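Have a look at the structure below before the remarks.
The values are calculated or read from the model by the stated rules, or taken from the named source; none is laboratory data. The structure displayed is predicted, hence computed values, not measured ones. Neighbour counts are summed over all protein chains in view; Cβ atoms, including those assigned to glycine, are modelled from backbone coordinates with ideal geometry. Accessible surface is based on the protein model in full, side chains and every heavy atom, while ligands, DNA and RNA are left aside. Shrake-Rupley method; radii C 1.70, N 1.55, O 1.52, S 1.80 Å.
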Amino acid sequence: MQVQELHDFIVDKVDDIKAQDIVTLDVRGKSSITEFMVVCTGTSNRHVASIADHVNKESKLIDFPPFGISGEEDGEWVVVDMGSVMLHIMQEDARNLYQLEKLWG
């Protein structure tokens, strides 16, 4: 799957399950592990985990499962590693604290 297709797929899937404030950060040249970061907000730890689970299930259906998922147990900040696109699903407080857009933008 091409990078842009993967990005569009991820944005579509997080939007399906009502993720808020979806932002894409182009980190090419800034990160050696990924090309894009998609950052979005979930309204609760259950919502955050559900968004990650939805992306996981949908990506497996197209034979492109994540390389890893971290943080599902806590639900404050879940990272879904899709290779060239990293998905960060955060609750609002964590997103305001870590300010990934400011850090990587």
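Give the distance, in whole Å, between the Cα centre of segment 81-105 and the Cα centre of segment 1-24.
Result: 14 Å between the Cα centres.
Within 15 Å, Cβ to Cβ, of SER32, how many net charges do the neighbouring residues add up to if Lys/Arg are +1 and Asp/Glu are -1?
Once all neighbours under 15 Å are counted, the net charge is -1.
How much mean residue ellipticity at 222 nm does the chain get from its helices, if each DSSP H run of length 4 or more adds -39500 (n - 2.57) and you divide by all residues, to the nearest 500 deg cm²/dmol?
Rounded to the nearest 500, the figure is -12500 deg cm²/dmol.
Number of Lys-Lys pairs in the chain under 21 Å by Cα, sequence gap 8 or more or different chains? Write down the numbers at each step before the final one.
On the way: LYS13/LYS57; LYS13/LYS60; LYS18/LYS57; LYS18/LYS60; LYS30/LYS102.
The number of close lysine pairs in the chain is 5.
Would you please put 82-91, 67-76 in order of how densely packed they are, using the mean number of other Cβ atoms within 10 angstrom per residue and starting with the highest?
82-91, 67-76
Please tell me the relative contact order of the chain in percent, rounded to the nearest whole number, where contacts are Cα pairs under 8 Å and at least six residues apart. Provide the component values of the computation, followed by the final result.
On the way: 184 pairs, mean separation 29.3, N = 105.
The value is 28 percent.
So, for segment 3-98, what is the accessible surface per residue at a probe of 1.4 Å, expressed in square angstrom?
53 Å²
What translational diffusion coefficient, to the nearest whole µm²/s, does segment 3-98 have by Stokes-Einstein, given a Kirkwood radius computed over alpha-carbon pairs, a temperature of 37 °C and 0.692 mPa s viscosity?
Result for D is 253 µm²/s.
Within the chain, which is the longest segment that contains none of the trypsin sites (Lys or Arg not before Pro) sitting in a DSSP loop with at most 15 other Cβ atoms within 10 Å?
Within the chain, the longest run free of exposed trypsin sites (Lys or Arg not before Pro) spans 31-105.
Hey, any idea what % of the chain's accessible area is carbon plus sulfur with a 1.4 Å probe?
Roughly 48 percent, rounded to a whole number.
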